[in-house]
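One structure is given here, and the rest of the page talks about it.
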Amino acid sequence: MEEYFKTHSSDLIYGAVIILAVAVLYLLTSLLHKWLLKRRLNKFASLNTTPINLVKRVVNTLWIVLGLIALTFIFVEEEEFAAMNEHFKLVLYLGFVAIITIVAATSSNMWFTRSIRRKTQTGDDPTNFKFLRYVSVYGIYITGALFGLLAIPSLHGVAQTILGGAGVIALIVGVSSQEALSNLVGGLFIISFKPFKVGDVIEISDTMIGTVTDITLRHTVIRNFKNRMIVIPNSIINKEKLVNYDLGEQKCCEYVEMSISYDSNVDLAKTIMQEECEKHPLIYDNRTELEKQDGIPMVKVALVQFDDSSVKLRAWAWAQTFGDSIALKRDVFESIKKRFDTKGIEIPFPYRTIVVKNKEGSK
């Protein structure tokens, strides 16, 4: 045994140094991770810690793999040193590319997040920054992956061609589906021509109406009034006819329609509808100064339709925003119904008259 230690003393010392170095690097990485995490959380309370944790795992894995490769030098023959050295360099290169890519993508995401927060606080439109954040982060990850391919001999030529620029379009066209490209182009059109932006209330159909919360490379996200997220591919939303309630003037005219029976007092019903709408706190006076001088009422009410068993009355009630108009309509429906009940104005329900005829000669 003593002779064995004398013969392999240099290898044992080398192995001990490698193990000690890996342990120290592993410990330093963990301490640095805790310090960085604490500092970032103090500065950005809502920071997503996933990228920082991912960097820690990648770095610690890198130390372990490099340490194992370094230990294998003890057991290989001299003619295999060159191959092992290449493996060591390859792992080191891929590890640092992964770390740099994650750090760059995280830094870019944080910068765009701060810019979006500042624009939101100042009342500016953050739509462009939200869209460019996705372009930047995905672009960094794709570039990092291509640089990683450079280290693989069999894929070295492909990576050089792609990074050269000529193969980028060919790669996208060849790999991406037509639908994916349509969504990407659709997102670019939305950002460029701005039919809507983040924060706008839009209506695509009776079941798809809400506030735009995000515009990504693939889809647009809408939060409806039930607090449900509606995800619509950009290629689809570009083909639809939509209503943007925040494009241009935000004031909104809401139709408040009630049906009453033919026997009810139409003038009294019109007066009640007008009074209930005008006294609502969300009503907006859309009259011009000349209309005010001429005595035109704030809320116009008219008979607009004759139905089978009722007549339909409509009040044109204005509100400052679309959200206010919905609340106004909801409230006045209830107050009008209560006033109608007290004044004897009937809201009709279907009547059916059945006529029974006796057959000739029956008793």
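The values are calculated or read from the model by the stated rules, or taken from the named source; none is laboratory data. In this text the structure is predicted, and so the values were computed from the model without any measurement. When we count neighbours, we look across all protein chains shown, and the Cβ atoms used for this are built from the backbone with ideal geometry, even at glycine.
I'd like to check which strands (runs of 3 or more DSSP E) are fully inside segment 177-225 and have at least 1 residues that are acidic (Asp, Glu).
By residue number, 201-205, 208-215.
Quick grid of which residues meet (1) under 28 Å from residue 73 (Cβ atoms); (2) in the same structural domain as residue 64 (by TED's automatic domain parsing); (3) at pLDDT 70 or above:
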site: 14; (1), (2), (3): yes, yes, yes
site: 23; (1), (2), (3): yes, yes, yes
site: 28; (1), (2), (3): yes, yes, yes
site: 38; (1), (2), (3): no, yes, yes
site: 42; (1), (2), (3): no, yes, no
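Would you pick out the residues in segment 249-283 that are under 20 Å from residue 313 (Cα atoms) and under 39 Å from the mean Cα position of the chain (by Cα)?
Filtering segment 249-283 down to residues under 20 Å from residue 313 (Cα atoms) leaves 252-280, 283.
Answer for segment 249-283, where residues must be under 20 Å from residue 313 (Cα atoms) and under 39 Å from the mean Cα position of the chain (by Cα): 252, 253, 254, 255, 256, 257, 258, 277, 278, 279, 280, 283.
Going by the structure shown, is residue 259 closer than 30 Å to residue 207 by Cβ, at pLDDT 90 or above and touching an Asp or Glu at 6+ places or on another chain (Cβ under 9 Å)?
Details: closer than 30 Å to residue 207 by Cβ: yes; at pLDDT 90 or above: yes; touching an Asp or Glu at 6+ places or on another chain (Cβ under 9 Å): yes.
Taking the combined requirement at face value, the residue satisfies it.
Might you let me know whether segment 226-247 holds any residue that is basic (Lys, Arg), within 19 Å of the chain's Cα centre (by Cα) and either in the same structural domain as residue 130 (by TED's automatic domain parsing) or part of a loop (DSSP other than H, G, I, E, B) (or both)? Steps first, answer last, please.
Restricting attention to segment 226-247, the residues satisfying the condition of being basic (Lys, Arg) are 226, 228, 239, 241.
Adding the requirement that they be within 19 Å of the chain's Cα centre (by Cα) leaves 226, 228.
Now restrict to residues that are either in the same structural domain as residue 130 (by TED's automatic domain parsing) or part of a loop (DSSP other than H, G, I, E, B) (or both): 226, 228.
Yes: one or more hits.
Here is a list of conditions, (1) in contact with a Cys (Cβ under 7 Å, 6 or more places away or on another chain); (2) of a type in the set (A, V, I, L, M); (3) closer than 30 Å to residue 183 by Cβ, and residue 283 meets all of them except one; can you say which number that is?
So the condition that residue 283 fails would be (3).
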